[in-house]
Amino acid sequence: MTKTTFLILALLAASVAFAQRPGDSTSKEIDAAYPAAHDLYLDLHQHPELSAQEVQTAAKLAERLRGLGYEVTEHVGGTGVVALLKNGAGPTVMLRTELDALPVEEKTGLPYASKVQAKDDAGREVPVMHACGHDLHMATLYATAAVMARSKDTWHGTLMLIGQPAEETIGGARAMIKDGLVTRFPKPDFGVALHVGNTLPAGTVGITPGIYDSNADSERITIYGKGGHGSAPHTAVDPIVIAAKTIVALQTITSREVRPGEFAVITVGYIRAGTKNNIIPDEAEMGLTIRTYKAEVRKQVLAAIDRVVRGESMAGGATREPLIEHFESTNSVFNDPALAERLRGVLEAALGKQNVITTGPITASEDYSAFVELGIPSLYFSLGGADPAKLAEAERAGKMLPSNHSPLFAPDVEPALKTGVAAEVAVLRNLLSQR
Ligand code: ZN
Ligand code: ZN
């Protein structure tokens, strides 16, 4: 064989291999949908809206999905969007994105960084940023919607896309359910969602069979003392000192009471008390977030918090029992293990085996669990969002890239978005392949 013949044969073999790669035709469909999705991403990123205020965001998503031929209903559970594409007999599969952004001041320095300010629920003027990547989720869902609408010969059944409000305040999923998500619309046979993050490189996805994230409980605790002059503590009961002792004692719950190896976190995220350095205030308030994986650990930790808070108040001579308010909670998201295994194969075929990574449960929480609790077997997976070179450099230096909710959070948009679409399309086509 001459060198030239060899080269021609090698080229032919390479082109055949390329043409036969399963994701190849899909990647052309994704490339076609990408520019409009990227435009939407830039628009959403520059115009973020706080939880339950996603009026413009929802309208933009609704308008685009309508443009693709979806039957769109707005204002489901507040600003929620439900878009249906019916394509003959078959299962109903739900794909969910969140709509909301966070009260974070963007410091990425990107040309399209958010400069938005808005009023939060308490009436305070706050900066707003898509610091959790929900803008990327929406743009991904939009491109997936386009690919699915343009390839109705590849699937059958009903595709149900939802834009969920108020994920960050863990209320939006329940609000949509309460407003008839599975009674006014077909109840999904399966559910799919993804979340972008900076621990996996763009181009990859992560799958966690079973428990995906944590149970979250929010508590507000008020400790009652007796105010007085800062120079005369003997005439007062200082609620700040009681609060300080309580905070330290709370940490012994996770270190001394919970069985080593079980996951439990108690974070006191704020403490508010007093107005001036020489005044002992009447009361002190603190806000807690409590995270666990297992139901029995959750029960144990919540009971221990109650005991410790009451005990420290009593020990400090508080004027009355502390007020303990449990004001928010959500359960951990459970990935149906059999479904996760089935879809792992689908994702490996679409993205390449090396790009599908098994990941452990994360410590964050999500109200997607409300959909799982309706009896919708689901896959909630991770989408790599880190610039691979930056991630490798950070790992070499023993550092982490800015995480979700950081003012510096900046996913590697194009590869993450395209991978998200490839993953969603592959999973949806598989789930919408049965009669
Ligand atoms: Zn978030
Ligand atoms: Zn998020």
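The values are calculated or read from the model by the stated rules, or taken from the named source; none is laboratory data. The structure displayed is predicted, hence computed values, not measured ones. We place every Cβ from the backbone using ideal geometry, glycine too, and count neighbours over all the protein chains shown.
A few points about this structure:
- Residue match in the stretch 65-87 (condition: among the small types (Gly, Ala, Ser) and under 15 Å from PRO48 (Cα atoms)): no
- The stretch 288-310, subset free of Cβ contacts under 8 Å to residues at least 12 places away in the same chain and of a type outside the set (A, V, I, L, M), residue farthest from PRO260 (Cα to Cα): ARG307
- Looking at SER255, SER329, just one residue is surrounded by fewer than 20 Cβ atoms within 10 Å (Cβ to Cβ), out of contact with any Ser or Thr (no Cβ under 6 Å at 6 or more places or on another chain) and modelled with pLDDT under 95, and that residue is SER329.
- The residues in the stretch 390-435 that are among the polar types (S, T, N, Q), away from ligand 1 (no atom under 16 Å from the Cβ) and at pLDDT 95 or above can be counted, and the count is 2.
- For beta carbons closer than 9 Å, sequence separation of 6+ or different chains, a first residue in the stretch 133-153 that is on the phi > 0 side of the Ramachandran plot and assigned by TED's automatic domain parsing to the domain that holds ASP43 and a second that is in a helix (DSSP H, G or I) and of a type in the set (A, V, I, L, M, F, W, C), the qualifying pairs are GLY133/ALA416.
- Residue within the stretch 149-171 that is more than 12 Å from the chain's Cα centre (by Cα) and either modelled with pLDDT under 95 or farther than 20 Å from TYR70 by Cβ (or both) present: yes
- In the set (1) over 30 Å from ARG429 (Cα atoms); (2) within 16 Å of the chain's Cα centre (by Cα), GLY360 fails one condition alone, (1).
- Count - residues of the stretch 125-145 that are more than 16 Å from ligand 2 (Cβ to nearest atom) and buried (at least 23 other Cβ atoms within 10 Å of the Cβ): 4
- Verdict on LYS152 being over 22 Å from ALA32 (Cβ atoms), more than 16 Å from ligand 2 (Cβ to nearest atom) and not hydroxyl-bearing (Ser, Thr, Tyr): no
- Any hit, the stretch 99-109, residues being crowded, with 22+ Cβ neighbours inside 10 Å, of a type in the set (Ser, Thr, Tyr) and over 26 Å from SER151 (Cα atoms): no
- Residues that are within 16 Å of ligand 2 (Cβ to nearest atom), small (Gly, Ala, Ser) and assigned to a loop (DSSP other than H, G, I, E, B) within the stretch 166-219 comprise ALA166, GLY171, SER214, listed in sequence order.
- With respect to the conditions (1) hydrophobic (A, V, I, L, M, F, W, C); (2) within 16 Å of ligand 2 (Cβ to nearest atom); (3) without any contact (Cβ under 8 Å) to a residue 12 or more places away in the chain, ALA122 lacks only one, and its number is (2).
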